[in-house]
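The values are calculated or read from the model by the stated rules, or taken from the named source; none is laboratory data. The model shown is predicted, which means the values in this text are computed figures rather than measured ones. Cβ atoms come from the backbone with ideal geometry, glycine included; neighbour counts cover every protein chain shown.
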Amino acid sequence: MKDLSYDVVVIGAGNGGLAAAATTAQKGLKTLLVEQHNLPGGFASSFVRGRFEFEPSLHEMCDVGVQGCLGGAGEFFESIGLKVEWLRIADAYRMVVDGESKLDVTMPFGTQAYIDKMEEYVPGSRESVTNFFELSQEVVDGIGYIGKSKGNPDKQVLMSKYANFLKTASYTLDQVEKALKIPDKACEILNAYWCYIGTETSRVNFTIFAAMMLKFIAGGAVIPKNRSHEISLAFESRIREFGGDIMYSTKVDKILVEDGAVAGVLTTGGRKIKAKHVISNAAKHIVYSQMLEQTSEMSKECNSRRIGGKGYVAYFGLNKTMEEIGLTDYSYFIYPSTDTKKMYDSFASRDGDPLQAVVCLNNVNPGCSPEGTSMLTITTIYTDDAWDDVEEKNYVKAKNDIARKMIARFESVMGVSIADAIEEFEVASPETFARYTGAYDGGIYGYEPEALDSIMPRLMMLDDDMHVKGLRFCGGFAFRCHGYASSYMSGNTAGLLTYRDSTEVKS
């Protein structure tokens, strides 16, 4: 069997890997994308049960923008000629708290509209919430400046134009909100999106939350018409058109190293593929423990980080429309409390009343299911050893019991009837995500973005963390943290840095 040779091998056709391969291929590097599954996308896919085609994971994407006012992800997609039919979401979210405190709010897109609505719900909040978004804009601008400077920003420019960005870089969300004197109730509403980061507000890094919220609220959100698999297939098409190769149903067992530098990869079938650069969409925990001879530096880096939340999603195909059921919003947050620490701590157990992020796809994409039907998904998060006591014989019952509990809870809170309309029903547990995508421990949230381990520290240490010359990382476990747009953008960055590295070597 003849050895193959490439400039760069990308491990994993998840969102980050697809973006990285498209970037390096477009730049003219001889690129090979290797994927253990038989199709691209990882979480960005779709599956069919009966007459319903479900979206596995994407709730909405921010940072895409609209023509004439594109976000960072939108500009990247346009630069590589990605063709996706986007559908815009009307409102940001509806948040219902039905526990110790009661709350039912619907928040709009648009920074000024959001601030105005917040003032309606929390009179006297306008000034502090306005300051929050102005600071968030400085954060986004500061990150953009560092990105454009290619990691070599002018310190004088940073100090003069982005002083508050630097000042808050190591702060938590709670610390900044307290400093801004945002009223408690306004914080509860503003922090609704904390579950999509998965780290309690007393620990989550302000920078990552601020960037996410500003891009989400100011730029709006979209979904692809044909599920997230439409994005993955569009990337696959562009990679091939740029001259890149894709190898499916192939797993990389080892990253080959010579004299401290990447020399290629070895696949499960024993095939050696030569390359001086590797970009991994797999987590560092997997790469360092399974694909390389682990060093003490690698071990320290992994042990210093927390693995983020493990995914759990219940998918329901209903033989009634959303209108018949009485659900008019696209996105619902059903919270038992506004205490994010209490909710975060509850992730460690399958007992109790888990938070719910509920999506009614038909309310944005009416044609996504057959006439007279609709689809609803409920997502929650688990951490640590919440599933460790589940034996194989009890697995199906354990995962289905949670789904039944969550649907009953949603019915009770929203005052609707859903159980009698369920035609198709599927559950993805942490075990499902681990088996289907190879996600470390079933994690869907990358490494937790704590105050001292978030986008800025990781960005500043990109080159310092290169324990093997020529090896870079992308995807949800990389420096941009998790999320669809972040994963795509991290892939683009990893691809550009690899192109830079290859050019420096040649010159």
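I want to confirm something. Restricting to region 348-376 and keeping residues that are without any contact (Cβ under 8 Å) to a residue 40 or more places away in the chain and under 18 Å from K310 (Cα atoms), which single residue is nearest to the chain's Cα centre (by Cα)?
That would be A348.
Quick check: is even one residue across region 4-11 at pLDDT below 95, surrounded by fewer than 20 Cβ atoms within 10 Å (Cβ to Cβ) and more than 25 Å from the chain's Cα centre (by Cα)? Walk me through how you get there before you give the answer.
Of region 4-11, the ones at pLDDT below 95 are 4.
Imposing the further condition that a residue be surrounded by fewer than 20 Cβ atoms within 10 Å (Cβ to Cβ) reduces the set to 4.
Those left that are additionally more than 25 Å from the chain's Cα centre (by Cα): 4.
Yes, there is a match, as at least one residue in region 4-11 is at pLDDT below 95, surrounded by fewer than 20 Cβ atoms within 10 Å (Cβ to Cβ) and more than 25 Å from the chain's Cα centre (by Cα).
I'd like to verify a number: residues in region 298-314 that are crowded, with 22+ Cβ neighbours inside 10 Å and either part of a loop (DSSP other than H, G, I, E, B) or at pLDDT 95 or above (or both), how many?
Matching residues across region 298-314 total 5.
Filter region 359-387 down to residues that are of a type in the set (D, E, K, R) and either outside any loop (DSSP other than H, G, I, E, B) or buried (at least 21 other Cβ atoms within 10 Å of the Cβ) (or both), then give me how many there are. Working first, answer last.
Going residue by residue through region 359-387, those that are of a type in the set (D, E, K, R) are 371, 384-385.
Of the ones still in play, those that are also either outside any loop (DSSP other than H, G, I, E, B) or buried (at least 21 other Cβ atoms within 10 Å of the Cβ) (or both) are none.
Of the residues in that region, 0 qualify.
Pick from region 92-142 the residues that are crowded, with 16+ Cβ neighbours inside 10 Å, among the charged types (D, E, K, R) and not assigned by TED's automatic domain parsing to the domain that holds I182: which of them is modelled with the lowest pLDDT?
Among those that are crowded, with 16+ Cβ neighbours inside 10 Å, among the charged types (D, E, K, R) and not assigned by TED's automatic domain parsing to the domain that holds I182, it is D98.
For the condition assigned to a helix (DSSP H, G or I), touching a His at 6+ places or on another chain (Cβ under 8 Å) and at negative phi, what is the one hit in Y395, Y436?
From the options Y395, Y436, the qualifying one is Y436.
Please determine, by comparing only the residues of region 458-477 that are part of a helix (DSSP H, G or I) and touching a helix residue (DSSP H, G or I) at 6+ places or on another chain (Cβ under 9 Å), which one is modelled with the highest pLDDT. Outline the logic, then answer.
Quick first cut of region 458-477, residues part of a helix (DSSP H, G or I) only: 458-460.
Cutting the leftovers down to touching a helix residue (DSSP H, G or I) at 6+ places or on another chain (Cβ under 9 Å) gives us 459-460.
Details: L459: 73, M460: 68.
Checked region 458-477; the qualifying residue modelled with the highest pLDDT is L459.
In region 27-49, how many are at pLDDT 95 or above and at positive phi?
2
How many residues are surrounded by fewer than 22 Cβ atoms within 10 Å (Cβ to Cβ) and under 13 Å from the mean Cα position of the chain (by Cα) if we restrict to region 199-213?
Matching residues across region 199-213 total 0.
Residues Y499, Y484: which one is in contact (Cβ under 8 Å) with a residue 12 or more places away in the chain, more than 23 Å from E301 (Cα to Cα), surrounded by fewer than 21 Cβ atoms within 10 Å (Cβ to Cβ) and outside the structural domain of T379 (by TED's automatic domain parsing)?
Y499
If the Cβ limit is 6 Å and pairs must be 6+ apart or interchain, which residue in region 239-251 that is on the phi > 0 side of the Ramachandran plot pairs with which residue that is loosely packed, with under 14 Cβ neighbours inside 10 Å?
Taking only residues 6 or more apart or on different chains, the pairs are S249/N38.
Looking at region 471-507, which of its residues are more than 20 Å from G260 (Cα to Cα) and among the basic types (K, R)?
Once the filter is applied, which keeps residues that are more than 20 Å from G260 (Cα to Cα) and among the basic types (K, R), region 471-507 yields only R480.
Name the single residue that is farthest from T493 (Cα to Cα) among those in region 252-294 being in a strand (DSSP E or B) and basic (K, R).
This residue is K272.
Quick test for you: out of K320, K284, pick the one residue that is closer than 25 Å to D384 by Cβ and either under 19 Å from the mean Cα position of the chain (by Cα) or surrounded by fewer than 22 Cβ atoms within 10 Å (Cβ to Cβ) (or both).
Values: K320 fails: closer than 25 Å to D384 by Cβ.
Just a single option satisfies the conditions, and that option is K284.
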